[in-house]
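> Let me begin by handing over the structure; questions about it come next.
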Amino acid sequence: WRRKFVDYAFTPCKTLTDDSGAMALTIDSMDLLHADDIDTFVIASGSAALSRLAVRLREASKTVIAYGDRASPRELVNACDKFVYVDILGLDIDKELCDVGEAEANAGAELINAGGAGRARPRCYSPEELRKNNVLIELLSKAVRDNCIDTHSWAKLAAVGGQIRRIQPSFDARDLGFERIGDLYKATGLFELQTDRWGVVTIRLLEDGLLPRFP
């Protein structure tokens with residue numbers, strides 16, 4: 001990582017244990033919080049010790065986004081405004097990050113490109129599979145219903161996505177094989193989306209008889 005510290009002007013902070021690292025991060029975060037000129041904090045960790053820090057930052061009306069692996073504790077995931085699992089980002093290993101041999105670097109790249117920790121990239125679920133997932137459909141539908149902006153039951157997609165993240169911070173359409181939340185909504189065959197001339201996307205839940213559903 002020494003090369004990246006130089007490239008991005010990072011200041012490395014080495015600690016002997018996870019707890020001491022979490023404490024150092026908490027102290028630095030509190031200093032930044034009281035400076036009162038930062039709106040968003042990003043935590044790159046899967047440590048449960050940082051859950052209380054995330055809660056404290058949100059209590060101060062700050063946005064907290066965290067990145068971690070699938071083993072990240074639920075308490076940390078739910079403490080954030082948004083939690084991103086790093087395996088779905090499709091990151092490539094930079095062989096210059098660490099002083100490792102070529103074989104080790106290649107193996108690391110293959111592992112991350114496969115989704116991290118040997119996990120395959122999420123496949124794209126079919127419309128039939130999506131509609132059979134009652135929990136998913138209820139989540140998507142409720143977010144639309146709760147954000148309707150007129151009598152025709154249209155809601156802004158941005159507001160809908162925001163509500164889904166508040167309910168389930170780790171929710172990500174890429175886990176289901178879709179690049180964007182709008183693509184996921186379209187794939188279910190249960191919603192209609194439209195984009196106005198200013199590029200604002202709105203969405204509505206189509207009732208029975210109003211939509212030619214998938215067979």
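> Can you give me the long-range amide H partners of residue 67? Hydrogens built in the peptide plane at 1.01 Å from N, cutoff under 5 Å, separation of 5 or more residues or another chain.
43, 44, 45, 84
> Report the one residue of 83, 61, 25 whose Cα lies farthest in the direction of the positive end of the charge dipole of region 17-88 (charges on C-beta: Lys and Arg +1, Asp and Glu -1; origin at the Cα centre).
Of the candidates, 83 comes out farthest on the positive side.
> Here's another thing I want to ask about it. If amide hydrogens are placed 1.01 Å from N in the peptide plane, which non-local residues have theirs closer than 5 Å to the one on residue 189?
Under 5 Å from the amide H of residue 189: no residue qualifies.
> With no solvent and one point per C-alpha, what does the Debye sum give as log10 I(q)/I(0) for region 130-175 at q = 0.27, 0.28 Å⁻¹?
For region 130-175, the Cα-only Debye profile gives -1.03, -1.07.
> Sticking with this structure for a sec: Determine the order of 59, 128 by accessible area, beginning with the largest, at a probe radius of 1.4 Å.
Numbers: 59 110, 128 70 Å².
Sorted by accessible area, descending: 59, 128.
> Sticking with this one: As a test of reading the structure, rank 6, 144, 86 by solvent-accessible area (1.4 Å probe, protein chains only), most first.
Per-residue accessible area, sorted high to low, gives 6, 86, 144.
The values are calculated or read from the model by the stated rules, or taken from the named source; none is laboratory data. It should be emphasised that the depicted structure is a prediction, and the values quoted were computed from it without experimental measurement. Because the Cβ atoms are built from the backbone with ideal geometry, glycine has one as well, and the counts that use them run over all protein chains shown. For the accessible areas, the whole protein counts, side chains as well, though only heavy atoms, and no ligand, DNA or RNA atoms are used. Shrake-Rupley method; radii C 1.70, N 1.55, O 1.52, S 1.80 Å.
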